[in-house]
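The values are calculated or read from the model by the stated rules, or taken from the named source; none is laboratory data. Since we're looking at a predicted model, the values are computed, not measured. Note that we place each Cβ from the backbone using ideal geometry, even for glycine, and neighbour counts take in every protein chain shown. For the accessible areas, the whole protein counts, side chains as well, though only heavy atoms, and no ligand, DNA or RNA atoms are used. Shrake-Rupley method; radii C 1.70, N 1.55, O 1.52, S 1.80 Å.
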Amino acid sequence: MTAAAVDTARKPVSMAQALGRALRDAMADDPAVHVLGEDVGALGGVFRVTDGLAKEFGEDRCTDTPLAEAGILGAAVGMAMYGLRPVVEMQFDAFAYPAFEQLISHVSRMRNRTRGAMPMPITVRVPYGGGIGGVEHHSDSSEAYYMATPGLHVVAPATVADAYGLLRAAIASDDPVIFLEPKRLYWSKADWSPDRPEQVPGIGSAVVRRAGTSATLITYGPSLPVCLEAAQAATAEGWDLEVVDLRSLVPFDEETVCASVRRTGRAVVVHESTGFGGPGGEIAARITERCFHHLEAPVLRVAGFDIPYPPPMLERHHLPGVDRVLDAVARLQWESEWTAGSERGTR
Amino acid sequence: MTVLEQPGSYRPTPPPAWQPRTDPTPLLPDPEPFRLLGTDAAADLDPELLRRLYGQLVRGRRYNTQATALTRQGRLAVYPSSTGQEACEVAAALVLQEQDWLFPSYRDTLAAVARGLDPVQALTLLRGDWHTGYDPHEHRVAPLCTPLATQLPHAVGLAHAARLKGDDVVALAMVGDGGTSEGDFHEALNFAAVWQAPVVFLVQNNGFAISVPLAKQTAAPSLAHKAVGYGMPGRLVDGNDAAAVHQVLSEAMRRARSGGGPTLVEAVTYRIEAHTNADDATRYRTDTEVEMWRAHDPIVLLERELTGRKLLDEAGMEAERQAAERMAADLRERMNQDPVLDPMDLFTHVYAEQTVQLREQADRLRAELAAAEELSPGHQEGTQR
Ligand SMILES: Cc1ncc(C[n+]2csc(CCOP(=O)(O)OP(=O)(O)O)c2C)c(N)n1
Ligand SMILES: [Mg+2]
């Protein structure tokens, strides 16, 4: 840390600010860390996450590139080959698509191809998801594409502390990490100490955000606040819901998820991404394979519809909200449990 | 025994004489952007065309200021203004014949409107009630395209297809300076040149890609020079000189139409407003620069020419201004009405035939909406349709 005295006071900090702080601290700690992307310099990124980095570290460390996502990621591959630790910013979820060739053909498989000789310590930051009133191509939940590509870690923070902690972990990782930043939560604030950030579990660990006994809501990123609100509302119905924040889709923390589901016997997976071929399918299958005998009901999914992301004026009909989550919870076959006389999920 | 294995037996044969595949000289752009207004050559210009351009520019500017005002009133989700770039927008539309196609970007609603599109329909994307608010076939205007430069290969493909069918169709595709860095720009130009497709690429070099200035975008002598590498002519034009843009584009259209292949036109202009209403341009550019460009305003340039040559008087200008006000008032009035939304539209056009899964999801939403309507009647949009 530079000049100023360490300020341990916790104060309201937005997720965007915490992400910026993570980049700054990573760059200060390791000269190999380079940030590159569109408008990341003078503008500080369209979401201001990289604000101040070019000024503090110079344009060679925080670089406005030509406008070409395949070029940005391809150049990052070369930089990584030469020992740097690039952090790439994709301006929006859907604008990462031109980089898929580099991502899938090189970034994800370079380690494997070279038998470990050439790792790809690249972090690809992707502002993702909807709910911000963005027009076409500004609201995609593209995590399933990344999850389907072996070799990539896929991480999605939902809290200010995780935004910082997971981004630091992503940059420190010797494997490529797709770092999904929920746009909708960029401006959400929490009390947090920038000069003494709290330790958070690393990539690959899920966290129980709310302990409960009736059923488990499994979620990540922008849907975490929705699930917490739903859990709060569910108390009025007599349900005591547990909420698991996955934090990382790859690696997937089966242990935490399954332990929770074994306790509650019921599970709902909640995400914005489409349901068909979406992350929920994989998660539900895994729970069913591993916890079948603990389940009182099929694992349900609450997801975005299987449609191209809607225009802003219609997006509220698409996004999974509290009501849809509660509706799914209500469909978890509570009646059959009463007849079975189980102790779980008392209503 | 091979030649190489016999010491002393190898006699080098000279390679065949190398020839340039095409002479690059005629492809090269002028060293300076081509200008007409204020030059002697302007005397030969058709007064009727100049007056027509002028009327369109005045209306175009008014359209831009009105749309920007609508963002402040929350009537548009976002508006990427083409204020200062109206000469390019208008000329791009006017050089097209009925059967030609326009491929606009998100910044080119004005070109689409000048082509004949209903202004409200053209703004659908930016209002946010749907993605494309018009049938592209009606005026032969492709959907306003947001993923940068991706519309360019489409223009090439369409023009190519039309030529294969023997149709007289030229495609004019618009892109920004930043967009020229994308791979799709390269691929489109290369295809167009190899296929000699009837396409005109219009790059509006407005100085910036959001915050990134041209200097960080390219090291080429000019964007027009890029054409030479593909084997097509590159033309550099003052993008605020409506007459010059019109002329250069018309020549390119003529070349394309007569089988002469594609042209890359770089129009040098300036983005007077911020990238969109959501952008803060003070972070990356100075007011002095903006003021310099304001002095080179496309409307002022044309007005000076027209009044100087007595082709337009105060009454004529006033008439154009009033026509622009009428257009703005109509736009305002129609945009101030809430669009009719039907949430069920979310499922209607995903496939030609709805899948079982989508039908199920549509039923679920319909039930949700009905339940909500029961709770608070009249508060759910879409139930009336
Ligand atoms: C593939 C892709 N990457 C990034 C973006 C985000 N973006 C939208 S406009 C823009 C700048 C484009 O600049 P330019 O091509 O010069 O056009 P202008 O906006 O100046 O008209 C960027 C980076 C996008 N729309 N598409
Ligand atoms: Mg530009």
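Below is a table of values for the structure above.
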item: Residue within the range A:167-184 that is closer than 28 Å to A:Pro311 by Cα and open to solvent by 40 Å² or more (accessible area, probe 1.4 Å) present; result: yes
item: Odd one out for B:Cys145, checked against (1) open to solvent by less than 10 Å² (accessible area, probe 1.4 Å); (2) more than 9 Å from chain A (Cβ to nearest Cβ); (3) within 13 Å of ligand 1 (Cβ to nearest atom); result: (1)
item: Residue in the range B:212-220 that is more than 14 Å from chain A (Cβ to nearest Cβ) and at pLDDT 95 or above present; result: no
item: Filter pass, A:Ser342 being more than 10 Å from chain B (Cβ to nearest Cβ), at pLDDT below 95, part of a helix (DSSP H, G or I) and out of contact with any His (no Cβ under 8 Å at 6 or more places or on another chain); result: no
item: Some residue of the range B:306-322 being out of contact with any Leu (no Cβ under 9 Å at 6 or more places or on another chain), open to solvent by 20 Å² or more (accessible area, probe 1.4 Å) and closer than 21 Å to B:Thr68 by Cα; result: yes
item: Criterion: in the same structural domain as A:Met120 (by TED's automatic domain parsing), of a type outside the set (Lys, Arg) and in contact with a Ser or Thr (Cβ under 7 Å, 6 or more places away or on another chain) - qualifying residue of A:Thr213, A:Thr149; result: A:Thr149
item: Matching entry among B:Asn277, B:Asn336 (being away from every other protein chain (no Cβ under 14 Å) and either out of contact with any helix residue (DSSP H, G or I) (no Cβ under 6 Å at 6 or more places or on another chain) or modelled with pLDDT under 95 (or both)); result: B:Asn336
item: Complete set of residues in the range A:283-331 that are more than 8 Å from chain B (Cβ to nearest Cβ) and within 18 Å of A:Lys183 (Cα to Cα); result: A:Ala303, A:Gly304, A:Tyr309, A:Glu315, A:Arg316, A:Leu319, A:Pro320, A:Gly321
item: Helices (runs of 4 or more DSSP H) fully within the range B:49-167 counting 2 or more residues that are under 26 Å from B:Leu189 (Cβ atoms) and within 16 Å of ligand 2 (Cβ to nearest atom); result: B:86-94, B:109-114, B:151-164
item: Residue that is outside any helix (DSSP H, G or I), within 14 Å of chain A (Cβ to nearest Cβ) and under 18 Å from the mean Cα position of the chain (by Cα), where the choices are B:Leu202, B:Leu223; result: B:Leu223
item: Residues of the range B:218-234 that turn out to be surrounded by fewer than 24 Cβ atoms within 10 Å (Cβ to Cβ) and not β-branched (Val, Ile, Thr), as a count; result: 10
item: Test: residue in the range A:81-93 that is touching a His at 6+ places or on another chain (Cβ under 8 Å), aromatic (Phe, Trp, Tyr), in the same structural domain as A:Thr149 (by TED's automatic domain parsing) and not in a helix (DSSP H, G or I); result: yes
item: Some residue of the range B:243-261 being surrounded by fewer than 18 Cβ atoms within 10 Å (Cβ to Cβ) and among the β-branched types (Val, Ile, Thr); result: no
item: Selected residue [closer than 16 Å to B:Pro298 by Cα, surrounded by fewer than 22 Cβ atoms within 10 Å (Cβ to Cβ), in contact with a strand residue (DSSP E or B) (Cβ under 9 Å, 6 or more places away or on another chain) and at pLDDT 95 or above] from B:Arg62, B:Arg35; result: B:Arg35
item: Search result, residues across the range A:50-75 that are away from ligand 1 (no atom under 16 Å from the Cβ) and assigned to a helix (DSSP H, G or I); result: A:Leu53, A:Ala54, A:Lys55, A:Glu56, A:Phe57
item: When residues of the range B:266-303 are limited to those that are acidic (Asp, Glu) and away from ligand 1 (no atom under 11 Å from the Cβ), the one surrounded by the most Cβ atoms within 10 Å (Cβ to Cβ); result: B:Glu266
item: Residues being of a type in the set (D, E, K, R) and within 14 Å of chain A (Cβ to nearest Cβ) - total across the range B:110-142; result: 2
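Per-residue answers, yes or no, for (1) under 23 Å from A:Asp140 (Cα atoms); (2) facing another protein chain (nearest Cβ under 10 Å); (3) open to solvent by 20 Å² or more (accessible area, probe 1.4 Å):
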| site | (1), (2), (3) |
| --- | --- |
| A:Gly20 | yes, no, no |
| A:Arg24 | no, no, yes |
| A:Pro31 | no, no, yes |
| A:His34 | no, no, yes |
| A:Arg48 | yes, yes, yes |
| A:Gly52 | no, no, yes |
| A:Phe57 | no, no, yes |
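For every residue, the table says whether it meets (1) without any contact (Cβ under 8 Å) to a residue 60 or more places away in the chain; (2) open to solvent by less than 10 Å² (accessible area, probe 1.4 Å).
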{"site": "B:Asp168", "(1), (2)": "no, no"}
{"site": "B:Ala173", "(1), (2)": "no, yes"}
{"site": "B:Gly176", "(1), (2)": "no, no"}
{"site": "B:Gly179", "(1), (2)": "no, yes"}
{"site": "B:Phe185", "(1), (2)": "yes, yes"}
{"site": "B:Gln196", "(1), (2)": "no, no"}
{"site": "B:Val199", "(1), (2)": "no, yes"}
{"site": "B:Ile210", "(1), (2)": "no, no"}
